[in-house]
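Asker: Below is a structure I'd like to ask you about.
The values are calculated or read from the model by the stated rules, or taken from the named source; none is laboratory data. Please read these numbers as outputs of a predicted model, since none were measured by experiment. Note that we place each Cβ from the backbone using ideal geometry, even for glycine, and neighbour counts take in every protein chain shown.
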Amino acid sequence: MRSLRLRLFVFTAALALLTALGVAAATYASVRAEADELFDYHLRQMALSLRDQGRIPADERNPLDNPDFDYVVQIWSVDGLSLYTSRPRPAQVPLPPATVLGLSTVVLDGAPWRVFGVATPQRIVQVAQPLAVRQHLAAVAAARSVLPVGVAAPLVALALWWLVGVSLAPLSRVADAACRRDAGVLDALPTADLPAEVEPLVGAFNGLLARLASSFEAQRAFVADAAHELRSPLTALKLQIGLLADAPDEAARRVALERLRGGVDRATRLVEQLLALARAEPAAAPPAARVDLTDVARQAVADAAALARQVGAHIDLQAEVPCAVQGDAQALRSLVRNLVDNALRHGGPAPHVQVRVRASPGQALLQVDDHGPGIPAAERERVFDRFHRREGSSAEGSGLGLAIVRAVAQQHGGQVQLLDAPGGGLRAELRLPLAP
């Protein structure tokens with residue numbers, strides 16, 4: 001059963017049916033028991049009324065001799081003489097000549113009878129009734145008492161079907177509202193008049209829609225910014241190709257070729273950073289691998305050695321104690337490499353960069369210090385934006401390095417911030433949770 005309405009109806013109807021059957025069975029048994037008590041009472045009252053009665057006429061005017069009368073009455077004298085027997089016909093089953101005072105059940109000719117006997121100093125009275133007759137009458141009375149339950153059952157089933165449909169109507173409204181949306185509409189679904197059990201589901205779905213809208217908006221902004229940033233290096237490459245083609249001699253051709261190679265390198269670097277930023281989005285979970293941040297820092301410093309030689313910089317690495325974190329080694333290596341590259345590019349002439357890795361309680365701490373001009377405190381948050389470049393900065397770059405750093409840090413459950421370095425300059429500090 002894939003229909004929730006049908007499933008609820010079947011379960012509810014089954015429960016109602018079991019309840020009705022239980023009530024009917026209890027009612028039937030109760031009415032049967034009450035009917036038995038009533039018939040016993042009639043036997044007793046009849047016997048007591050005949051105990052003190054005078055002579056009983058043995059003719060057709062006597063109601064006890066009516067063929068439709070279900071009772072058998074016998075009266076003896078104290079010396080055993082039969083004074084009266086009702087329904088004197090050959091088919092009559094005679095009662096035993098001795099009786100048990102009070103109520104008893106006897107078997108006569110293979111059939112059970114209910115008998116009440118009473119004695120006085122002058123006579124003994126027995127009144128009996130076949131159990132089959134009284135059981136039939138009791139069953140009929142009990143069945144009549146149960147009949148309303150059977151009549152009401154279809155009406156209750158229809159009411160249950162209607163009530164289940166009314167209760168699930170809010171779900172249908174939400175489903176219709178969702179079906180009417182196109183792919184570009186991610187507004188929240190209506191939550192008015194929703195049952196308390198359905199509201200958390202719709203709220204969670206609206207939260208998902210909000211996250212999707214935010215993600216799509218960020219993706220559109222990313223694509224627009226990437227297209228804008230790629231336009232400049234591609235235009236420059238086109239111009240450099242033209243200069244190479246128009247070079248008048250071999251020396252000019254070599255200069256143009258070198259410039260073209262540098263432009264290709266810058267465009268390649270920009271594309272690599274764009275891909276790294278796309279992979280480092282916080283929504284993308286990193287691989288759950290155990291990574292030594294100390295080893296990652298050593299590899300990143302080794303990768304930056306060529307740039308350090310180019311700018312005449314010195315990198316000092318202090319990472320002696322292993323610091324295990326959970327995440328993606330390649331992404332963390334890109335994070336550290338971007339921090340080191342920024343320190344080398346913006347650390348002033350012949351920069352001195354210090355990289356330290358150590359463990360603090362529950363955290364792995366990475367610090368990258370330079371002795372450059374630093375960044376004013378009011379601008380430190382903005383430099384994490386994509387494609388942001390500080391005004392007046394002469395260093396080349398795409399403006400993506402710190403955006404990649406923050407994205408990778410958030411993806412690994414950490415945080416990064418820019419601080420003042422001791423002795424002047426800028427400190428980039430990364431905190432990541434230690435692996436268990």
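Asker: Determine if the stretch 178-191 includes at least one residue that is of a type in the set (Asp, Glu), assigned to a loop (DSSP other than H, G, I, E, B), at positive phi and more than 19 Å from the chain's Cα centre (by Cα).
Answerer: Initially, the stretch 178-191 is screened for residues of a type in the set (Asp, Glu), giving 182, 187.
Now drop any that are not assigned to a loop (DSSP other than H, G, I, E, B), which leaves 182, 187.
Those still in the list that are at positive phi too: none.
The answer is no, given that none of the residues of the stretch 178-191 is of a type in the set (Asp, Glu), assigned to a loop (DSSP other than H, G, I, E, B), at positive phi and more than 19 Å from the chain's Cα centre (by Cα).
Asker: Only one residue in Val72, Val93 is more than 60 Å from the chain's Cα centre (by Cα) and modelled with pLDDT of 75 or more. Which one? Steps first, please.
Answerer: Details: Val93 fails: modelled with pLDDT of 75 or more.
Step by step, each of Val72, Val93 is checked, and only Val72 is more than 60 Å from the chain's Cα centre (by Cα) and modelled with pLDDT of 75 or more.
Asker: Just to be sure I understand, how many residues within the stretch 346-373 are modelled with pLDDT of 85 or more and assigned to a strand (DSSP E or B)?
Answerer: Counting residues in the stretch 346-373 that are modelled with pLDDT of 85 or more and assigned to a strand (DSSP E or B) gives 15.
Asker: Let me ask something else. Could you give every pair whose Cβ atoms fall below 8 Å, whose first residue belongs to the stretch 37-50 and is in the same structural domain as Gln126 (by TED's automatic domain parsing), and whose second residue is at pLDDT 80 or above and surrounded by fewer than 14 Cβ atoms within 10 Å (Cβ to Cβ), counting only separations of at least 6 or pairs across chains?
Answerer: Asp40/Leu103; Leu43/Leu103; Arg44/Leu103
Asker: Would you point out which residue out of Gln135, Gln126 is under 27 Å from Val31 (Cβ atoms), of a type in the set (S, T, N, Q) and either under 60 Å from the mean Cα position of the chain (by Cα) or surrounded by 12 or more Cβ atoms within 10 Å (Cβ to Cβ) (or both)? Working first, answer last.
Answerer: Values: Gln126 fails: under 27 Å from Val31 (Cβ atoms).
Of the residues listed, the single one that is under 27 Å from Val31 (Cβ atoms), of a type in the set (S, T, N, Q) and either under 60 Å from the mean Cα position of the chain (by Cα) or surrounded by 12 or more Cβ atoms within 10 Å (Cβ to Cβ) (or both) is Gln135.
Asker: Would a scan of the stretch 313-324 turn up a residue that is closer than 22 Å to Arg406 by Cα and in contact with a Leu (Cβ under 6 Å, 6 or more places away or on another chain)?
Answerer: Looking through the stretch 313-324, at least one residue is closer than 22 Å to Arg406 by Cα and in contact with a Leu (Cβ under 6 Å, 6 or more places away or on another chain).
Asker: Are there any pairs, at least 6 apart or on different chains, whose C-beta atoms fall under 6 Å, with the first in the stretch 15-30 and surrounded by 15 or more Cβ atoms within 10 Å (Cβ to Cβ) and the second of a type in the set (Gly, Ala, Ser), and if so, which?
Answerer: Qualifying pairs under 6 Å: Thr27/Ser145; Tyr28/Ala142.
Asker: Could you tell me which of the residues Val127, Val151 is aliphatic (A, V, I, L, M) and modelled with pLDDT under 80?
Answerer: Working: Val127 fails: modelled with pLDDT under 80.
Only one candidate qualifies: Val151.
Asker: May I pose another question? Checking Asp316 against (1) without any contact (Cβ under 8 Å) to a residue 40 or more places away in the chain; (2) in contact with a helix residue (DSSP H, G or I) (Cβ under 6 Å, 6 or more places away or on another chain), only one condition comes out false. Which one?
Answerer: Result: Asp316 passes all but (2).
Asker: If you don't mind, another one. In the stretch 408-436, how many residues are crowded, with 19+ Cβ neighbours inside 10 Å, in a loop (DSSP other than H, G, I, E, B) and in contact with an Asp or Glu (Cβ under 8 Å, 6 or more places away or on another chain)?
Answerer: 3
Asker: Let me ask another. Would the stretch 293-300 turn up any residue that is crowded, with 17+ Cβ neighbours inside 10 Å, at pLDDT 90 or above, polar (S, T, N, Q) and not in a loop (DSSP other than H, G, I, E, B)?
Answerer: yes
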